[in-house]
Amino acid sequence: MALLASPYARFDRPFESDFARRSYRIFLEETAAEVAKRRYKNVDVVVQAEDGSKILRVFLWGSLAVNLITAYGGFRTGIDYLVDDAKWFGDQILDHLELREGQEPSVHLRRLGTVGDISRLGREVDELAALLDERQGKFSYIQTDDVHSDVIRRLKSIRKRESEIIERLDPKDRELFYGQGFEVETPEEGRMRLPLAPRHIPLPFQDGPEFIDIPRSERPQKRPNVDDENDENGG
């Protein structure tokens with residue numbers, strides 16, 4: 001299972017009682033499960049309701065293999081859509097909380113979970129690939145100290161983030177993620193394995209799982225004045 005979304009909200013008033021806190025958690029679990037059915041398959045919802053200030057956290061767990069391969073046209077495109085879905089899910093949860101509370105929360109974060117981490121990893125791969133120049137089937141870069149140091153720094157960051165993501169995936173999702181690896185050869189560093197293919201590099205056809213592209217008639221819109229957050233531990 002992967003963390004597909006993890007919205008967070010805080011209201012600056014406490015629960016009236018422990019019973020009210022438990023009732024609120026049950027309400028949010030049922031609401032989140034109903035909302036999730038509109039875009040996800042086979043997911044589990046976990047809700048934490050903490051007292052002090054009224055703090056509510058929703059964790060949406062599901063399989064990348066189920067929610068990505070069966071609905072989207074390619075791995076990185078699928079991750080893009082799942083990131084949008086996570087933002088949409090966070091907005092839906094906020095709407096229900098605002099309706100129940102009669103006010104906006106003092107803090108609301110649309111945490112993007114593991115899919116956000118993979119998306120950010122893809123951006124790092126693209127930034128590294130932008131330093132490489134394809135020549136005669138190999139990749140090279142201008143061999144200066146500054147550029148070489150930047151390549152090494154970016155490689156280390158990519159390796160670290162890849163490792164963190166793999167540790168949080170179950171075997172089936174780990175196999176799917178690891179299968180996206182892409183190798184380039186450079187005269188300076190030899191063969192380099194990247195965890196994802198850079199977007200701007202055309203790939204030859206490769207056998208693999210069939211991806212079915214299902215267009216969406218509605219795309220999630222970003223809620224004004226709400227920040228996305230995807231922290232280092234994925235939630």
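Read the figures in this text as sums done on the coordinates, not as results from a lab. Since the structure is predicted, the reported quantities are computational estimates derived from the model, not experimental observations. Using ideal geometry, Cβ is built from the backbone for each residue, glycine included, and neighbour counts are taken over all protein chains shown.
Structure above, values below:
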item: Within the stretch 103-128, backbone nitrogen closer than 19 Å to the virtual label 7 Å beyond the Cα of His96 toward Cβ; result: 103-113
item: Computed E for Phe27/Asp170 - FRET, C-beta separation, R0 30 angstrom, nearest 0.05; result: 0.55
item: In the stretch 2-78, GluC sites (Glu not before Pro) in a DSSP loop with at most 12 other beta-carbon atoms within 10 Å; result: Glu16
item: Length released on extending from Ala130 to Arg193, taking residue separation times 0.36 nm less the Cα-Cα span; result: 21.1 nm
item: Interchain or long-range residues, amide H under 5 Å from Leu194's placed H; result: Phe182, Glu183, Val184
item: Distance in nm between pseudo-label sites at Asp51 and Ile152 (7 Å out along the Cβ direction from Cα); result: 5.5
